[in-house]
Amino acid sequence: MGGSVNVKRVIGRVVSFIIKIGILFAVIYPFVWLVLSSLKFEQDIVQYPPKLWPNQFTFTQYIRVWSKLPMFTMFKNTLLFSASVTVSNCLLCAMGGYAFARIEFRGRKLLFVLILMTMMIPFQIIMIPLYILEHMIGILDTFWGLILPRLTWPFAIYLMRSFFISLPKNLEEAGRIDGASEYRIFWQIMLPLCKAAMITVGIMTFTNNWNDLVYPLLLTNSVTMRTLSAGLAMFVGQRIIEYGATLAASMISLIPLLAAFLFMQKYFVKGIALSGMKI
Amino acid sequence: MFKNIRSYFQRTETAAWVLLFPSLLCLTIFLFIPLIMSFGLAFFDVTIFLKQFKFVGLDNFIELLQDDRFWNALGNTVYFTIMVVPCGILFSLAVALFVQGNSLFQRFLRVSYYVPVICSMTAMGIVWAVLMDPTIGMFAFWIRQLGFENVQLLKDPNLAMPLIAAMTIWKTFGQNMIILVAGLQAIPDEYYDASMIDGANKWKQFFHITLPSLIPTLGFCVTTSTISSFMVFDQTYVMTRGGPLFRTETLAQYVYTRGFVISPFRLGYASSVAFVLFIVIAAISIAMYYFFTKKETEGL
Amino acid sequence: MKAKRLWLTVFSILLAVIMITGCTGGVQTRTDSGAADKSTDTAATGGQKSVKIQFWNGFTASDGDILREIFDRFNAQNDKGITVEMDIMPWDNLFEKLAPALATGTAPALLLLGSEYVPEYASTGNIIPMDDFWDWSGLNKEIYAQNVRDAFKYKGTTYGIPMQYNTMYLYWNKDIFAEAGLDPEKPPKTFDELKKYAALMTDKSKQQYGFGIALGHSNITNFLWSNGGDWLNSDQTEAACNSPEMIEVLTMLQEFAINGHTPVGMSGADLDNLLFAGQLGMYINGPWLINGCRQNNLNFGIGAVPAANNGNLQVPGGGCAYMVTSSASEEQKIAAYEAVKYWLSKDVLKEWSMRNGFPAWSEEVLADPDIKNDLIQNTLGPLTKYGRLPFAGMPEYKQMASEYLDPLFEQLMYQQITPEECAKKMAEGINAVLKK
């Protein structure tokens, strides 16, 4: 009896190991292809039969991207845009999420549903009004014009609310008895507790805005304001696609993101783990 | 006087509004106002050049009901959502169960599985489109090695949408997985210990403890995935442009095509399509929100 | 405690990043939004007025690099203090932005658009007439090919000064020709030869196709005119495409698909890849593939599209032109004219043709010894005269194409409809749009 249970367990472990590795392979393969192809000469990328390993390694694609685009400016723009949006999202969405989760006020349900609904707007539909609006306010083609509309993010408010709702009820009671103001309770008791959730929101905001293409392209008119992902589009012509350079540009925009993610991942994975999630 | 203002701001209800104020201000100016402007356009006959506005009342909506491409796009969007949401979430849940532990290997897997989520859809779309080319693509090559000669992949009208759904699951399952892992880890160990004493097997444990405790988390995943599936655009835009034979044209894509691609760039009509899209998503997700909130309090 | 410190570190790093990038000039309250308003200022040197104009185009790939070089040179060399600020973005994004920019008067003064957009943008008053350009510039317009200059007219008024012009050409892979026992120097001249060669070069076991037909109705036009048919009647009031000539062409195209001599459902970019990878025997496309073929070390030939069996040849032509938008001030318009005039100089046009493979279209350039000795220029130049604009001067063209012609052609290639049905439905579609 005991023997068969053991065999069963071993088989189960082997099977689950194979599945895990299989999924890992499926997830990683396109990236391996991406990395290796960005190190190929143009004629080796599209070839028959397809080959993964380069016939010859080369950095020409990276050099081409580097020489064509003002990488430093683009990098700076992307960082400035993503970082400021991230900081403000973490703070504003924590505030909003907290209010929805822990404070009873009139119209709370309705307002929350309204915020939920703003998640459902395809960007294509507000593109033109947004452009005209920014023109009227006079912030078109400025960093303010890029940053202001993204100061807050409904998805993150939703996430933050889910986090705060799962915290024990008596937390703020203690503060209230001590006579602390609501703001003080939020700032000194609640905010420190949600740093993990804030890291989650931070990573999501940062990557989303880092990768966004249409939005920054729409709201900026000068080359000096372009972000890295716009750089990616610079090699995809209507009639010609320069695969090598496109892939190299994707790698260049991906690497800083990946580095940031790996640096933060420990807190990120833990971040949601702490939250417990309630809707 | 000053004291009055001070005590007014100290009130709990006021505090909520103060905390919400920056977010609400930003959303009102940059989201609600453009949205209202845009939905207003649905009642006009107007092109993207915004030159001549002609009020047409509900004409755009009436036209929409007779528009085959609209119904086709709606069908495609629903088809896509039906594939992506249940399959994607079941897959994410299965993976989450596999990698919920805290061993180094499992943590490594979690981080690796999340990598596609942080990449740009545009870049990944280009990579996948090359990999899935029926002639020179790596995937088609493998499939031919397996003995299937006629591989069309994205060029096959019946396969295009399932393949795009598969790619979407590949790109996004990490997000739900990480959230579900968090949900799983938050279930107190005592629950399991208690059921062990009762002699429950793994399956029983899963259905009686794990699943009920996961309801809120699952609700969050289902709601957000449904919303993003209904708005699917980037994947089809990069990989198929709605083809072959309009089989992958989704509602968001149709809005875009009507407004920006097909002359005479009928923004008013496109807005009416968007309006319908918005209503559909809103109805479904609010229903889901209430369903899961109810389940949460009642249990399964 | 440790966690708190890390938290603070992360936050302060982010803040520091913002401060640093902000201080190095990132945040400006308002960068020069360039467009129509207030983009003129007095230069410090000599009190001469300097003019800045914005210039948008969608030349994202390698041809954009050459374009940028040329305009950088113009900015440095011109003595009128004109600066052309070029902004390249994908065509799709360009059109998304252009509409609200035109509506708010913030569009660039100068634009590059394809000939097919002229009627649409001219009829809506978004681009302005340029009839006065030739007199203003003092250039002799007779040396520039007339069909090219006329390609950008709408109702008799010039709305664009040509930048480049091309027709369609046949590319063929000489290695595949040789393998199939064909003479690599002798491309097919007629429909029959095209069919025969395509059959000979198709090899399923090697995933090799004889002829590539992409999506899009222009593949029909490539053969329709040669075959004596046309899309519309001569005064463009009614469809004329439900004709035996049309059905013959459609039948031929569908047979390529039925016999498996062409892959089905491929976009132009997909087929470009097949050509580059050496899997495609013959392919019809514009001159923009020349550089790609060279980069991929392809042993290729380029020449005239096979004509109908009676030898008659007429293929779709088209091009890009410089256009001035309604947002431009008078001063900016003149600055734009200066830039266009610079483009029309012999050296610039020659450079563009030589480096980019587009055929020369001015007598001066055609007479240049370098152009004459260039094999590709020598082949393509004479073909320019066979080019003709499809649906010339019709604002409805794009709508017909995207609502009826392209989808129906796709159905034809996927064998969902017969050639007869296709011709009939296309004619009905065209008439439906014309009636509105």
Residues C:T42, C:T83, C:T21, C:T31: which one is under 25 Å from C:Q332 (Cβ atoms), touching a helix residue (DSSP H, G or I) at 6+ places or on another chain (Cβ under 8 Å) and either facing chain A (nearest Cβ under 7 Å) or at pLDDT below 55 (or both)?
C:T31
Every residue in the range B:240-277 that is in a loop (DSSP other than H, G, I, E, B), of a type outside the set (V, I, T), under 14 Å from C:Q399 (Cα atoms) and without any contact (Cβ under 8 Å) to a residue 40 or more places away in the chain, please.
B:S263
Given the conditions (1) modelled with pLDDT under 95; (2) more than 26 Å from C:M266 (Cα to Cα), every one holds for B:L131 apart from (2)
Test B:L64 against the stated conditions and say whether it is at pLDDT below 95, more than 14 Å from chain A (Cβ to nearest Cβ) and either part of a helix (DSSP H, G or I) or over 21 Å from the mean Cα position of the chain (by Cα) (or both).
yes
Residues of the range A:156-175 being more than 9 Å from every other protein chain (Cβ to nearest Cβ) and assigned to a helix (DSSP H, G or I), which ones?
A:A156, A:M160, A:R161, A:F163, A:F164, A:N170, A:L171, A:E172, A:E173, A:A174, A:G175
Condition (residue is in contact (Cβ under 8 Å) with a residue 60 or more places away in the chain, away from chain C (no Cβ under 14 Å) and of a type in the set (A, V, I, L, M, F, W, C)) applied to the range A:34-52: is it met by at least one residue?
yes
Output the residues belonging to the range C:151-169 that are crowded, with 20+ Cβ neighbours inside 10 Å, small (G, A, S) and either part of a loop (DSSP other than H, G, I, E, B) or on the phi > 0 side of the Ramachandran plot (or both).
C:G160
Of the conditions (1) at positive phi; (2) surrounded by fewer than 15 Cβ atoms within 10 Å (Cβ to Cβ), the single one that B:L50 does not satisfy is (2)
Would you confirm whether or not the range A:55-70 contains a residue that is of a type in the set (A, V, I, L, M, F, W, C), within 20 Å of B:C119 (Cα to Cα) and within 14 Å of chain C (Cβ to nearest Cβ)?
yes
Residues in the range A:106-126: is at least one more than 9 Å from every other protein chain (Cβ to nearest Cβ) and touching a Ser or Thr at 6+ places or on another chain (Cβ under 9 Å)?
no
Being surrounded by fewer than 24 Cβ atoms within 10 Å (Cβ to Cβ), within 14 Å of chain B (Cβ to nearest Cβ) and touching a helix residue (DSSP H, G or I) at 6+ places or on another chain (Cβ under 6 Å) narrows C:N296, C:N242 down to just C:N296
Looking only at the range A:133-144, count every residue that is more than 8 Å from chain B (Cβ to nearest Cβ), surrounded by fewer than 24 Cβ atoms within 10 Å (Cβ to Cβ) and closer than 26 Å to B:A252 by Cβ and tell me the total.
1
Can you tell me which of B:I286, B:I262 is within 16 Å of the chain's Cα centre (by Cα), farther than 23 Å from B:F91 by Cβ, at the interface with another protein chain (Cβ under 7 Å from one of its Cβ atoms) and not acidic (D, E)?
B:I286
Test: B:K171 is among the charged types (D, E, K, R), crowded, with 19+ Cβ neighbours inside 10 Å and closer than 24 Å to C:M266 by Cα:
no
Those residues that are within 7 Å of chain B (Cβ to nearest Cβ) and touching a helix residue (DSSP H, G or I) at 6+ places or on another chain (Cβ under 7 Å), I need them from the range C:86-102; list them, please.
C:F95, C:E96, C:A99
Quick test of your reading of the structure: C:T325 fulfils all but one of (1) modelled with pLDDT of 95 or more; (2) within 9 Å of another protein chain (Cβ to nearest Cβ). Name the failing condition by number.
(2)
Tell me the residue from C:L298, C:L375, C:L313, C:L380 that is over 30 Å from C:N75 (Cα atoms) and either within 18 Å of the chain's Cα centre (by Cα) or at pLDDT 95 or above (or both), please.
C:L380
Just to be sure, is B:F233 within 10 Å of chain A (Cβ to nearest Cβ), among the hydrophobic types (A, V, I, L, M, F, W, C) and surrounded by fewer than 21 Cβ atoms within 10 Å (Cβ to Cβ)?
yes
Candidate set: the range A:13-59, residues that are surrounded by 14 or more Cβ atoms within 10 Å (Cβ to Cβ) and of a type in the set (S, T, N, Q); chosen: the one farthest from A:S250 (Cα to Cα):
A:Q47
Contact list, first residue from the range B:210-221 and modelled with pLDDT under 85, second anywhere and surrounded by 21 or more Cβ atoms within 10 Å (Cβ to Cβ) and of a type in the set (A, V, I, L, M), beta-carbon distance below 7 Å, six or more apart or interchain, is B:P216/A:M277; B:P216/A:I279; B:T217/A:M277; B:T217/B:I179; B:T217/B:L180; B:F220/A:M277; B:F220/A:I279; B:F220/B:I179
Name the single residue that is farthest from B:T217 (Cα to Cα) among those in the range B:150-200 being polar (S, T, N, Q) and within 14 Å of chain A (Cβ to nearest Cβ).
B:T168
For the range B:275-294, does any single residue satisfy the condition of being farther than 14 Å from A:V113 by Cα and among the hydroxyl-bearing types (S, T, Y)?
no
Hey, could you check the range C:257-271 for residues that are away from chain B (no Cβ under 11 Å) and within 22 Å of B:R241 (Cβ to Cβ) and say which is surrounded by the fewest Cβ atoms within 10 Å (Cβ to Cβ)?
C:A257
Please find, among B:I89, B:I5, the residue that is touching a residue at least 12 places away in the same chain (Cβ under 8 Å) and over 30 Å from C:S327 (Cβ atoms).
B:I89
Elements of type strands (runs of 3 or more DSSP E) contained in the range C:268-378, each with 3 or more residues being under 22 Å from C:I176 (Cα atoms)
C:280-285, C:300-303
Give just the number: which of (1) under 30 Å from C:S62 (Cβ atoms); (2) outside the structural domain of C:T124 (by TED's automatic domain parsing) does C:S327 not satisfy?
(2)
Before we move on, is B:T47 more than 8 Å from chain A (Cβ to nearest Cβ) and modelled with pLDDT of 95 or more?
no
Considering residues of the range C:387-403 that are out of contact with any Phe, Trp or Tyr (no Cβ under 9 Å at 6 or more places or on another chain) and assigned to a helix (DSSP H, G or I) only, the residue nearest to C:K153 (Cα to Cα)
C:Q399
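The values are calculated or read from the model by the stated rules, or taken from the named source; none is laboratory data. Since the model is a prediction, treat every value here as computed from it, not as a measurement. Please note: Cβ atoms are built from the backbone with ideal geometry, for glycine as well, and neighbour counts cover all protein chains shown.
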